[in-house]
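Coordinate-derived values only; no laboratory data. Fair warning: this is a prediction, and the values are worked out from it, not measured in the lab. Neighbour counts are summed over all protein chains in view; Cβ atoms, including those assigned to glycine, are modelled from backbone coordinates with ideal geometry.
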Amino acid sequence: FLDKACIQDGTESNESPWRLCTVAQVEQVKILISVIPIFACTIIFNTILAQLQTFSVQQGSAMNTRITKTFKIPPASLQSIPYIMLIIVVPLYETVFVPFARRITRKDSGITPLQRVGIGLFVATFSMVSAALVEKKRRVSALHSSEQLSIFWIAPQFLIFGLSEMFTAVGLIEFFYKQSLEGMQSFLTAMTYCSYSFGFYLSSLLVSLVNKITSSSSNSGWLSDNDLNKDRLDLFYWLLAALSFINFFHYLFWSRWYSYNPSLSPTTTHESRGQDLESQSFNSTNSKLNATHHPIS
């Protein structure tokens, strides 16, 4: 139905630009509408990132940060772990995984950008699972044995998220760049950073909603005391893990529905799109053969 916007109705020779669009404008709107569901599925991913930059730092502050007798590791410095992971894993991905996957999938990129994003969204769930398990252990140790766990217990959740970010963040930028017309690359890449902002906003909204729902006249909310030994941060992490898992299946629905634009990304088409292209190529070949054997007189 969007194609009708660039079709002249024949009643007027010079229609208003508000009633008649160019083909390029219609194609840009199509691309924008088609990538919005994929973009929306990455918001929960960035909500998890917000927790690693806020509650995980608070979590580390309540743990034993001493490495030597004179040196303590700053809890906020653990945020560098995902980026160190990216520096190490991305070259390995390009030099080891992509050539191996290329032999199986017969695609230049090994796996499609959407498959790459999906793997990252799935792995991100386990970052929150790890965070919930560690927080439960830390809280029990602090309340029952008055012991402080080492801050390195929370390193796995950063490591797992760094691995998931290598798939999701990089794959999303690759997807937006490959599926955009000329002049739209910057705009669609900017949507990646909009996902960050929406994710952090959703994080604040979730904290407020959780506190409001879990608080009662006798008990405060899961995150209202600003004291991790009294709060239930582990339950909040489990909630995020559940939301991330549901979001992954939500993403599967939209990614299976999405069809790659063959003119923009010919090497990463879905099977259904590939069959259409094969049939078009077959018909084109037949028409050429017919024209050769039956020339127009």
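Quick rundown of the values:
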item: D_trans [Stokes-Einstein, Kirkwood Rh over alpha-carbon pairs] for segment 1-137, 20 °C, 1.002 mPa s, µm² s⁻¹; result: 107
item: Radius 12 Å from Cβ of D3, net charge of other residues (Lys, Arg +1; Asp, Glu -1); result: +1
item: Residues with amide H under 5 Å from that of N64, placed H, sequence gap 5 or more; result: L149, S150, I151
item: L235/K30 FRET efficiency (R0 45 Å; Cβ-Cβ; nearest 0.05); result: 0.60
item: Between segment 134-162 and segment 23-97, the alpha-carbon center distance in angstrom; result: 20
item: Separation in nanometres of the label points that stand 7 Å from Cα toward Cβ, at F152 and I67; result: 1.0
